[in-house]
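Let me begin by presenting the structure, written as structure tokens, before commenting on it.
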Amino acid sequence: MAGRRYPPNRRLAWERLQRGWSYEEITEHIRAEMSRAGETDTGLNANTVRRWEIGERWPDPRYRKHLVAILGKPASDLGLLTPDELAVRPDAETLHEFRRLWEMLTGDDNSNGWDRASVLRALVGASMLPLVAPLLSLDPDAARADGRTVDPDSYQQIVRCQRELYWTSPARPLYEAAYAHTQLGVGLLRAAATGTSRASLASALAKSALLTARLAFFDLSQPAIAERCYDVALAATREAGDHALAAAVLGHMAFIPAFGHQPANARPLIDAALQHTWHGVSPMVRSWLHCVASEVEARAGAAAASRRHIDLAAGAVDGNSTPPEWLDFYDNGRLHSFAGYAALASGDHSEAAGQLNQALATLTGTSAKQRSVVLADMATAQGGDGDRAADYLNQAIDALHTDWYGTGLDRVRAVRPTLGDSRHGALLDERVAALTAGRAALSG
């Protein structure tokens, strides 16, 4: 019917954004799937997909089956079923199976021997980015059966306090508290009814899972645990409809393959994150994402690409906009530290030293953990001056005694070979050994 409008299909739009696809790219995927099925393209274009998402058109059945195939999700999860079609859904769906998979992903029970990759493939087929959103989207009628009422503000308040403690508290006990709070949030969200409160709770859960993942990865060097927590956070951002948080989670997820020397796996995550920033997201989030992309490229040896992203990061900074309150891991000082690392990748030690000195001058109480990383990079910037390099590395060890940071120790170890078999190198080895032994004793 001419002029008829349908509800905006936010689920379809979200799935496209999670993969970093433009309207043109998802259109090409549909066309390719139609070609494989021996069907002819009859006028499908990018504007058609846009109209599906904003509610001007409803996808024809011939397109719906191909969307299901390329996105690896059932039609109900993609918003492709009409109310009449949804009405024939059985009352009892695969809730038990969802819970079993959720328990595996969150570490509650892994007795069946499934690994994370197997479960994610089972959930989303061949899609590019791992999502576990269906596990959060449990039947609200079943969830309401016990009559519980959830107060998202109380849960959010604890998340906020834990995030503030991140900069001053020992990592291990805070991680344990944050992990437990994330598990609590999962349970609360299962029981929450649809509506504003559920969305607010999902947003708070995403922040809690993000904090837990950061502690696991950057502070405790546990990437496998971090991956699981990022999965939970990403699923919760979809439930909350929060593009800024989704961008932040995807950006953090990119660090794992980047640190593992897998830049090809990190870049699609950055691309997907940047897609989210076009939906009313603070320019500071975009700036941080370009810094993450810069580090990905620097670690991959792509110096020119790394410095290009730094230029984009600096250009995106907007002093007139207010960043999200949870974006406490990025500011102008962090921009300088990323810029220094990019300059090191290109061999420009003078530029690196200048940027890193600015980073050190602007480090605040909420960025003390970063000091050990910047000092280790300053050691690299000294070139062949072993005395000065050793001095900065020893300062980094001093910083780690005050503010422990697993990533900082990793950076010190990465720079250590520059000292060779010198006396400075031997003394530094002794200090690193003493530091790690002390940390092990505390953990035990």
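A few notes on this one:
- Sorted largest first, the spans of the alpha carbon positions of segment 177-333 along the three principal axes are 50, 36, 25 Å.
- Its alpha carbons considered, segment 240-305 gives a radius of gyration followed by a Dmax of 11.5, 37 Å.
- The listed peptides 222-230, 315-323, 339-347, ordered by packing as a protection proxy, come out as 339-347, 222-230, 315-323 (highest mean of other Cβ atoms within 10 Å first).
- Projecting label points 7 angstrom from Cα along Cα→Cβ for R172 and I158 puts them 2.3 nm apart.
- Probing with 1.4 Å while keeping every protein chain in the model, the per residue accessible area of segment 239-328 equals 38 Å².
- What a 1.4 Å probe finds exposed on segment 186-279 is 53% carbon and sulfur by accessible area, rounded to a whole percent.
- Surface composition of segment 1-78: carbon plus sulfur atoms hold 50% of the accessible area, using a 1.4 angstrom probe and ignoring ligands, DNA and RNA.
- Contact order normalised by residue count of segment 254-293, Cα under 8 Å, 6+ apart, percent: 37
- Its residues counted as N, segment 151-198 yields a C-alpha radius of gyration over 2.2 N^0.38 Å of 1.27.
- Selected from G195, L215, T182, residue furthest toward positive end of dipole (segment 170-305; charges at beta carbon): G195
- Surface/4 estimate of mean projected area, convex hull on alpha-carbon atoms of segment 324-417, nm²: 5.9
- Scattering curve values for segment 196-289, log₁₀ I(q)/I(0), Debye with Cα scatterers, q = 0.11, 0.22, 0.23 Å⁻¹: -0.29, -1.09, -1.16
- Our Cα-only numbers for segment 252-343 put the radius of gyration and Dmax at 12.4, 37 Å.
- Over segment 17-81, the Kirkwood radius and the radius of gyration, each from Cα atoms, give a ratio Rg/Rh of 0.92.
The values are calculated or read from the model by the stated rules, or taken from the named source; none is laboratory data. Not measured: the values here are computed from a predicted model. As a convention, Cβ positions derive from the backbone with ideal geometry for all residues, glycine included, and neighbour counts pool all protein chains shown. We work out accessible area using only protein heavy atoms, side chains counted, and drop any ligands, DNA or RNA first. Shrake-Rupley method; radii C 1.70, N 1.55, O 1.52, S 1.80 Å.
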